[in-house]
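Report on one structure; see the data block that follows.
Only the coordinates and a few stated rules stand behind these numbers; no lab work does. Source: prediction; values computed, not measured. Note that each Cβ is placed from the backbone with ideal geometry, even for glycine, and that neighbours are counted across all protein chains shown.
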Amino acid sequence: MAGYKLALISLGCAKNLVNSEQMLYLLSEAGMEIVPEPEEAQCVVINTCGFIESAKSEAIDAIIAMGELKKKGRLKAIVVTGCLSQRYRDEILKELPEIDAVLGTGSYDEIVTAVNAAMEGKSLSLFGDINADISGAGRIVSTGPAWAYLRIAEGCDNRCAFCVIPSIRGKYRSRTMENIVEEALALSKTGVRELIIIAQDISRYGRDIYGKRKLSELLRRLCAIEGICWIRLHYLYPDEIDDELIETIANEEKILKYLDIPIQHINDKILKRMNRRGDSADIRLLIKKLREKIPELVLRTSLIVGLPSEGEAEFSELCDFLREAKFERAGVFAFSPEEGTRAAEMDDRCDEDEANRRQELVMDIQSRIMEDWGETMVGKTIQVLCEGYDYESGLQFGRSWADSPDIDGIVFFSGQCASGDFAKVCIDEVSGAEWYGRQV
Ligand code: SF4
């Protein structure tokens with residue numbers, strides 16, 4: 001088996017990044033040399049995202065760019081994996097002839113076969129079972145020295161009307177608790193201090209294999225791992241958050257008081273049409289309960305504007321709710337009608353320009369909420385996970401409990417702290433998502 005020089009481009013979400021890390025592990029175990037830049041490689045693997053228009057364009061642009069390198073003889077083969085290939089399994093090789101081999105989301109473990117076939121000039125496409133059981137394979141962790149994603153399940157059963165993910169990633173499949181704890185232990189031994197718990201919906205964990213929710217129990221076991229200091233939770237579905245989970249989050253010191261709960265919208269008619277469980281009253285009650293039970297809680301959410309049935313009244317209802325709920329963090333998307341979803345068949349929706357205008361308005365509301373909240377941090381001393389030194393500012397930088405990597409803020413501070421260690425930082429100034437302070 002030849003040890004080809006190989007580069008991997010990972011697009012999309014954190015769950016896809018974990019797949020990339022698992023493929024890197026299999027490839028390096030097979031003797032491939034992993035190089036950082038496509039220009040240095042003989043073969044490039046592009047692990048794609050394909051759930052909305054902008055993600056699809058980004059993936060296609062990357063494939064075409066690698067195709068140019070190939071035309072210039074600087075690259076021998078291109079292997080495409082992930083959600084775009086799964087979603088467009090019938091068209092992708094025809095539409096993008098620069099691709100040599102393609103794997104669906106049920107065939108990541110065939111990556112070595114795919115690379116070898118591509119390098120031997122053989123075209124190959126493998127689309128395994130997207131509902132097959134999952135377990136934690138070996139990974140080459142590509143994130144910071146002190147943090148890593150921990151994916152606890154794959155797929156989704158929620159079937160929101162605007163979302164293609166269940167058709168790309170399959171039905172909900174939890175990993176066994178033993179398998180997850182074993183991986184977390186291994187990560188803690190490599191110096192990982194922060195675990196970021198991910199899945200399409202982590203709050204449903206265990207219902208498929210244990211017959212009931214088991215996230216609270218899993219979190220308590222992860223909290224018992226020495227070396228792990230921070231546990232961050234992403235992708236909680238509102239109506240799956242029960243009292244046991246709230247108690248566990250409130251009482252376990254290692255679980256960061258930071259919760260990512262995508263609500264998507266607040267208008268009852270829209271929530272119903274989008275096949276979202278629960279209504280606006282449920283969401284308000286949940287937020288009230290969480291804020292009462294968990295002091296210093298930072299709430300992150302995801303919102304979609306321009307959904308079918310969203311007129312001016314429904315949109316301003318959403319804006320009023322955001323001013324009331326004061327989410328400290330939020331991601332806002334303009335509705336993208338994705339073929340194959342029920343929402344794409346619904347025609348009572350605003351046009352793209354209007355959806356983009358609403359997205360900007362919500363981002364304005366949110367950035368003001370975030371800044372006002374940020375100002376309340378001035379004079380406070382917080383714990384920061386140090387991630388390095390910024391030569392430009394001459395300051396250390398890192399993240400607080402309120403900052404998930406790549407999507408939230410950053411803390412710059414004067415002082416001495418090694419990457420991967422924690423520092424106590426007194427906040428002196430806030431500028432948007434950037435906080436400035438000094439080690440104390
Ligand atoms: S919860 Fe809804 S939006 Fe999220 S992955 Fe599942 S179907 Fe898609």
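When the helices of the chain are scored as -39500 (n - 2.57) per DSSP H run of n ≥ 4 and the total is divided over every residue, the value at 222 nm lands at -10500 deg cm²/dmol. Looking at region 147-372 alone, DSSP beta bridges between its own residues are antiparallel in about 10 percent of cases.
Taking amide H atoms as placed 1.01 Å from N in the peptide plane, the amide H of Trp147 lies under 5 Å from those of Arg193, Glu194, each 5 or more residues away in sequence or on another chain. Unpaired cysteine residues in the chain (no second Cys Cβ under 4.7 Å): Cys13, Cys43, Cys49, Cys83, Cys156, Cys223, Cys229, Cys319, Cys350, Cys426.
Label-to-label distance for Asp421 and Lys272 is 5.8 nm, based on points extended 7 Å past Cα in the beta-carbon direction.
Counting every C-alpha pair in region 272-379, the share spaced more than 15 angstrom apart comes to 68%. When all alpha-carbon pairs of the chain are counted, what percent fall beyond 32 Å? Within the chain, distances greater than 32 Å cover 42 percent of Cα pairs. Please state the shape class of region 381-439: rounded when a/c is under 1.5, otherwise prolate if a/b exceeds b/c and oblate if not, all from the C-alpha gyration tensor. In terms of gyration-tensor shape, rounded. Listed by chain and number, the lysines whose alpha-carbon sits under 23 Å from that of Lys70, ignoring those within fewer than 8 places in the same chain, are Lys5, Lys56, Lys94, Lys122. The DSSP beta bridges internal to the chain are antiparallel in roughly 30% of cases. What the Cβ-Cβ distance of Asp242 and Gln439 gives, at R0 = 41 Å and to the nearest 0.05, is a FRET efficiency of 0.55. Ranking Ile365, Val378, Ala344 by Cα position along the charge dipole of region 311-391, where only Lys, Arg, Asp and Glu carry charges on their C-beta atoms, puts Val378 farthest toward the positive end. Taking the Cα centre of region 381-439 as reference, the dipole from Cβ charges on Lys and Arg (+1) and Asp and Glu (-1) amounts to some 260 debye. Net charge dipole, the chain: roughly 1060 debye, given to the nearest 20, about the Cα centre with Cβ charges of +1 for Lys and Arg and -1 for Asp and Glu. Would you mind classifying region 5-126 by shape? Square roots of the alpha carbon gyration tensor eigenvalues, ordered a ≥ b ≥ c; an a/c under 1.5 is rounded, otherwise it is prolate if a/b is larger than b/c and oblate if not. Judged from the Cα gyration tensor, region 5-126 comes out rounded (a/c under 1.5).
Averaging the sequence gap over all C-alpha pairs within less than 8 Å and six or more residues apart, then dividing by the number of residues, gives the chain a relative contact order of 9 percent.
With the Cα gyration tensor of region 147-372 giving a ≥ b ≥ c as the square roots of its eigenvalues, does the rule (a/c under 1.5 for rounded; else a/b larger than b/c for prolate; else oblate) give rounded, prolate or oblate? Prolate.
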